[in-house]
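Just so you know, all these numbers are worked out from the coordinates, no wet-lab data involved. From a predicted model like this one, the values you see are computed outputs, not experimental measurements. Here Cβ is always computed from backbone atoms with ideal geometry, including for glycine, and neighbour counts include all displayed protein chains.
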Amino acid sequence: MKKLMLILIAPVCCTAFALNASAQQADQATTDAVIAMVKAQWAAEIKDPTSVSEQMKDASDDYTEFNADYATRLDGKAMSSHLAEAAGKASGKTIAAEMANPKVQVYNGNVAVLTYNYVGVIQDKDGKTEPARAKSTRVFVKKGDKWTLVHANFGSDPLPK
């Protein structure tokens, strides 16, 4: 009887381990994909601050955003793009952008929440640099076979006292 139970239980356990490993591989692929999308956005901004269409290419048309510059939610890719175009004309520019402490949580294989601390460097027109910091959350939804940014929240990250 014990041998029969072992014969019945062993395949179930092996299947469970295989499914778990497969899910972990899929989650890692999602993690890699959404982090790469954010880093590509930053690279586009560093290369050309006015390249808003390139920076926002992975955002959904109904994208929403909270950030430290405005007291209200920004609704729609068009509004966010318009404001980014205006900001891209400023004399200061981002010269470095990094992601610290990234964490991606994947739900049902089609929703991913990326949280991280943004650390960057902004250079003014005179060449003076200053650090840029933020606490960030980005929400992605898989539409078809493509990940799309649907919401972001960028909060201030004040210096520790």
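Of note:
- Cβ charges +1 (Lys, Arg) and -1 (Asp, Glu), total dipole of the range 100-161, debye: 200
- For Ala96, the residues whose amide H sits under 5 Å from its own are Val121, ignoring neighbours fewer than 5 places away on the same chain, with H placed 1.01 Å from N.
- Between Ala33 and Ser81, the C-beta separation translates, for a Förster distance of 30 Å, into a calculated FRET efficiency of about 0.85.
- Efficiency of FRET from Cβ geometry, Thr72 and Glu130, R₀ 30 Å, rounded to 0.05: 0.70
- Remark: the range 136-146, residue by residue, has Karplus-estimated 3J(HN,Hα) of 10, 9, 10, 10, 10, 10, 8, 10, x, 10, 10 Hz, where x stands for each Gly or Pro and the curve is 6.51 cos²θ - 1.76 cosθ + 1.60 at θ = phi - 60°.
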